[in-house]
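Worksheet: one structure, shown below.
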Amino acid sequence: MITKPKGCIDLNGLEAKKWKYVSKVIDSLMEKYNYNYIRTPIFESSEVFHRGVGETTDIVSKETYDFIDRGGRKMTLRPEGTAGVVRSFVENKMYGDPNQPVKLYYNGTMYRYERPQAGRDRELTQFGVEVLGSDDPLIDSEVISIPVNLFKLLGLNEVKVKINTLGDKESRNMYRDALIKYFKPHLKDLCEDCNSRFEKNPMRILDCKVDKDSDILKNAPKTIDYLNEDSKERFNKVKEYLSELEIDYEIDEKLVRGLDYYNHTVFEVEASVAGFGSNNVLAGGGRYNGLVELLDGPSTPGMGFALGMGRLIMALELEKIKLPIDDEVEVFVMYVSDTEKKYAASLVQMLRMYGFKVETEYTGRGLKGQFKQADRLNAKYLIILNDEDLSHDEIKIKDNKTKEENLVGIDYIMYYLDEMLSKEDDCCCDDDCDCGVDCHCHDDIEF
């Protein structure tokens, strides 16, 4: 039997509906923030990621899927979203758009060759945003607010931001020199990866997964101690804006993130999730003011974040958050004879085109079996076709909840169904109401 590749998933059924619902919330939220959707290729020239993400990162050095295509070109399956978006920004000359900054979001598949584990697969889906063209600290706070508000909308608890700053180029250089001086006597006590990072990018040592609990890393110099005045002032403004937005945050002086292109603001967003243990990080990102130039574009500031959809869905499940998944069919059309079946085909087509969610019989079940299938599909209304009724231009419609039946004129079907379904969606918004009406007033996300 052929099976799916290790670290990949088949998404279907209720699980797929959960992903679609969360994606719908994301799209709605991004519309409110006025971010535009962007889709970039799943594979790009390896140079995009090797230059953009950084040769010293674990993603590039250990996890990318690299291959040579039939034209002899070096290609890479995208491991993250930012580098591809920046390449597109440069190639399509978005920096020339008078409407600045350029605010984009994506929600797509990424690939990383790593050891599969809960919430971390080789094929993963990331939602992320990128803002290009503004160095205003207000943009930093806006980007941070997006995952915070998303998690709160979905019902996650104790959403908290951890934030740090890497400073500008001058500050980073001073910090780099301090790290080299500090780590040099300890190299023999650090892992092989840390030793290789020492000369290329010593800041990556702080992000080491092997030595993360060692006293050497715990006592390492802090970025904040090497900030120049401009970087300090900028970081203070970011914090002020977060306070204005009533976003809880704490400063994590060890936070550096795992990619080479970050400077100034870096952050992670956590939520209290039972079952995740100490690692409750669901989103992370930061500022990358030099990345556009690195990919052959003009000097352009950038800010963004990303989160793994699989890990987010897992968090919702662990917290037992019930998503308002639409798992009902509005109308199930039933028939027995061949003439009824032909009429069912055209009726189903017409109802669907008028906007109703409709299903019918395809496997040759009898009427009794069709009733059972309608129940399995949670059908709200049943249309029971009968040759005699059709000869009088009428159709029997049954409320599958109350079991009430009515003969309805063929020309009035759409109006009747629309009226009955609208009644179900009416809501008195009274918790003590016992009217028996299904309430859907909170199904859609409102702001």
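The values are calculated or read from the model by the stated rules, or taken from the named source; none is laboratory data. Predicted, not measured: the structure shown is a model, and the values here were computed from it. All Cβ positions, even for glycine, are placed from backbone atoms using ideal geometry, and neighbour counts span all protein chains on display. Remember, those area values only see protein heavy atoms, side chains included, never the ligands or the DNA or RNA. Shrake-Rupley method; radii C 1.70, N 1.55, O 1.52, S 1.80 Å.
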- Task: Could you list the GluC sites (Glu not before Pro) in region 298-353 that lie in coil according to DSSP, counting only those with at most 13 other Cβ atoms within 10 Å of their Cβ?
- Result: E328
- Message: Quick check on the chain: helices-only [θ] at 222 nm, where DSSP H runs of length 4 and up contribute -39,500 (n - 2.57) each and the sum goes over total residues. Nearest 500, please.
- Response: -11000 deg cm²/dmol
- Whether region 147-237 is rounded, prolate or oblate, judged on the alpha carbon gyration tensor where a/c under 1.5 counts as rounded: oblate
- Query: For region 4-46, what does the alpha-carbon gyration tensor say about shape, rounded, prolate or oblate, given a ≥ b ≥ c as the root eigenvalues, a/c under 1.5 as rounded, and a/b over b/c as prolate?
  - Reply: oblate
- Task: Ignoring everything but the protein chains, give the 1.4 Å probe accessible area of D97 in square angstrom, nearest 10.
- Result: 70 Å²
- Between D97 and R39, what FRET efficiency comes out of the Förster formula 1/(1 + (r/R0)^6) with R0 = 22 Å and r the beta carbon distance, rounded to 0.05? 0.75
- Task: Would you mind checking K6/K372; K32/K162; K24/K74; K32/K403; K341/K380; K152/K237 for any pair whose Cα atoms are more than 31 angstrom apart?
- Result: K6/K372; K24/K74; K32/K403
- Give a quick list of trypsin sites (Lys or Arg not before Pro) in region 62-133 that DSSP marks as loop, anything other than H, G, I, E or B, with at most 16 other Cβ atoms within 10 Å. R70, R73, K93
- Query: Per residue, how much accessible area does region 138-230 have with a 1.4 Å probe, in Å²?
  - Reply: 50 Å²
- Distance between Cα centroids, region 94-167 to region 244-311: provide it in whole Å. 7 Å
- Per residue, how much space in cubic angstrom lies within the convex hull of the C-alpha atoms of region 168-306? 133 Å³
- Once you put a point 7 Å from the Cα of N173 and another 7 Å from the Cα of D387, both along the Cβ direction, what distance in nm separates them? 9.1 nm
- Where a ≥ b ≥ c are the square roots of the eigenvalues of the C-alpha gyration tensor, would you call region 266-358 rounded, which needs a/c under 1.5, or, failing that, prolate if a/b is larger than b/c, or oblate? oblate
- Query: What are the GluC sites (Glu not before Pro) within region 206-272 that DSSP puts in a loop, where the Cβ has at most 15 other Cβ atoms within 10 Å?
  - Reply: E246, E253
- Quick one: if the Förster radius is 35 Å, what FRET efficiency do S272 and K232 give, using the C-beta to C-beta distance and rounding to 0.05? 0.65
- Query: In whole Å, what are the Cα extents of region 301-399 along the three principal axes, biggest one first?
  - Reply: 69, 33, 24
- Item | Cα convex hull volume per residue for the chain (Å³) | 211 Å³
- Task: Between I2 and E250, with labels modelled 7 Å along Cα→Cβ, what's the label distance in nm to one decimal, could you check?
- Result: 5.0 nm
- Item | Degrees, to the nearest 10: 367-376 long Cα axis against longest axis of the chain | 30 degrees
